[in-house]
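In what follows, a structure is listed as structure tokens, so that the remarks can point back to it.
The values are calculated or read from the model by the stated rules, or taken from the named source; none is laboratory data. All values reported here derive from a predicted model rather than from experimental measurement. Methodologically, a virtual Cβ is constructed for each residue, glycine included, from the backbone with ideal geometry; neighbour enumeration extends over all protein chains shown. Each accessible area value is taken on the protein alone, full model and side chains, heavy atoms only, with ligands, DNA and RNA left out. Shrake-Rupley method; radii C 1.70, N 1.55, O 1.52, S 1.80 Å.
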Amino acid sequence: MAKSKEAKISPEIKYQYDAIIIGTGPGGEGTAMNLAKSKKRVAVIEKQPSVGGGCAHWGTIPSKALRHSVSRLIEYNSNPLFNLKEQRSKLTFPDILNHAGNVISKQVNLRTSFYDRNRIDIFHGEASFVDNHTIKITQPDGTFEHMTAQTIVIATGSRPYHPPKVDFNNDRIYDSDTILKLTHDPRHIIIYGAGVIGCEYASIFRGLGAKVDLVNTRDRLLAFTDAEVSDALSYHFWNSGIVIRHNEELAKVETRSDCVIFHMESGKKMQADCVLFANGRTGNTDKLNLAAIGLEADGRGLLKVDDNYRTQITNIYAVGDVIGYPSLASAAFDQGRIAATAILHGHCPERIISDIPVGIYTIPEISSVGKNEQELTAAKIPYEVGRAQFKHLARAQIAGTEVGSLKILFHIETKEILGIHCFGERASEIIHIGQAIMEQRNGGNNIEYFINTTFNYPTMAEAYRVAALNGLNRLIK
């Protein structure tokens, strides 16, 4: 962890604010709200015209709104109750963007009300450091003003990485931010990068009927996930018509008036209407003038922090995507809360739980918490597996969401739950039941909980009972 440099602060110095937070995404919001509720004078600086950060405007909210629309369209077209005509219902990418825009507006209005209600001052402009306690806010017309605070929190988020050999000014080349400005409906798209963002957008475009080539720089999809879940997603993508190309690297992109030609290092070439680059992200620190306070970001623009989210400078904190892993909106809120407590009391005894649930909003969804089989095997931890196939659940049969399964990994001797992995519709909701049991102490984390608990019937939650019975029946008697 980074060691803090003691800043010389005179107790007689008075500042305009107790804290200034740069950025209004989940991390910035979490910090600001918790400080304001402790009666601190708080200001936030947002370079965009409205609050919410990348989460609300380009990342989590719009992509999940797009995914929801496409998922419902797929369900509608595959349901024989509604699909009574030969012509399938269709939506275009601009159609579903309208829905995403409505959700973004609701989120912005809601989050703006939070700042108003807690009497937090909002300033719009580009923030940069003058010194440890002074921020310069620059407007688009070049005018600026200075603000001072005892503590400053960097919550500027991240942006898509742009390979220098790619011309992102071309109107056929997009990243995960600019794809939300797509005005036409592509019939064929190449997605470079098969991480979370790439796989989510592959689901969206394929669900809309576009041909999708998914270029993966690694040997399997989402290599950090459980191997069986990764294989399930790969099969589902393959079965839906997505072409996946593993272990490929970009050589160059050739743009023409009517298409793009994608050249790979292996010598392969592909042609499509447009390209979406989703291969890596960069921390938004390049315009902060960090040199003025002696702070330095790493090669990816990320900042190092200690357990309290304090940087190397004692009164400067950082939360959210700008510090890297786990780069989740859910975790950023908690990081902001913990940072606020540390600012108020000098340290925070609480920590984000080690088993953070991961939700990947592909179609179907993926969600997991805890260890996967590869990790447990490598650590030589004796475990067993309990599985429940969604196709055997009454609720899934009723809803027509029979693709997927739930997998519980538990210790053979103690029956402690070690990991849970879910693939299927509503996976990101289903996972939280198991997460709650995993966090129990003094013997409460036990797979037998699911045997001794009555679940509503029919529900998707019933998968836990089915999986628990399946796993316990595997144990040697």
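Here are a few things to note about the model shown:
- Residue by residue, segment 262-276 carries 3J(HN,Hα) couplings of 9, 9, 10, 4, 6, x, 6, 9, 9, 10, 7, 6, 7, 10, 10 Hz when phi is fed to the Karplus relation 6.51 cos²θ - 1.76 cosθ + 1.60 (θ = phi - 60°); x denotes Gly or Pro.
- Surface exposure of segment 134-286, expressed per residue as accessible area with a 1.4 Å probe, stands at 45 Å².
- Ordered by 1.4 Å accessible area with all protein chains kept, D306, D185 run largest first as D185, D306.
- Label-to-label distance, nm, for residues given as F224 and I261 (7 Å Cα→Cβ offset): 3.7
- Estimated from helical segments only, the mean residue ellipticity of the chain at 222 nm is -9000 deg cm²/dmol, where each DSSP H run of four or more residues counts as -39500 (n - 2.57).
- When the alpha carbon coordinates of segment 163-240 are projected onto the principal axes, the ranges are 39, 30, 16 Å, largest first.
- Surface per residue (accessible, 1.4 Å probe) for segment 341-477, Å²: 50
- Amide hydrogen proximity for I21: with H placed 1.01 Å from N in the peptide plane, the residues at 5 or more positions away or on another chain lying under 5 Å are A43, V44, I45, V153.
- Among K14, K269, K415, K165, the order of accessible area from largest down is K14, K269, K165, K415, computed with a 1.4 Å probe on protein heavy atoms.
- Extended-chain gain in nm, criterion 0.36 nm per residue less alpha-carbon gap, D286 and S113: 59.3 nm
- J(HN,Hα) series, segment 59-70, from Karplus relation 6.51 cos²θ - 1.76 cosθ + 1.60, nearest Hz, glycine and proline x: x, 3, 5, x, 5, 6, 5, 4, 4, 4, 4, 5
- Taking every DSSP beta bridge that has both ends in the chain, the antiparallel portion is near 60%.
- Dipole magnitude of the chain, debye to nearest 20 (Cβ charges: Lys/Arg +1, Asp/Glu -1, about Cα centre): 480
- Measuring nothing but protein heavy atoms, the accessible surface of the chain at 1.4 Å probe radius is 50 percent carbon and sulfur.
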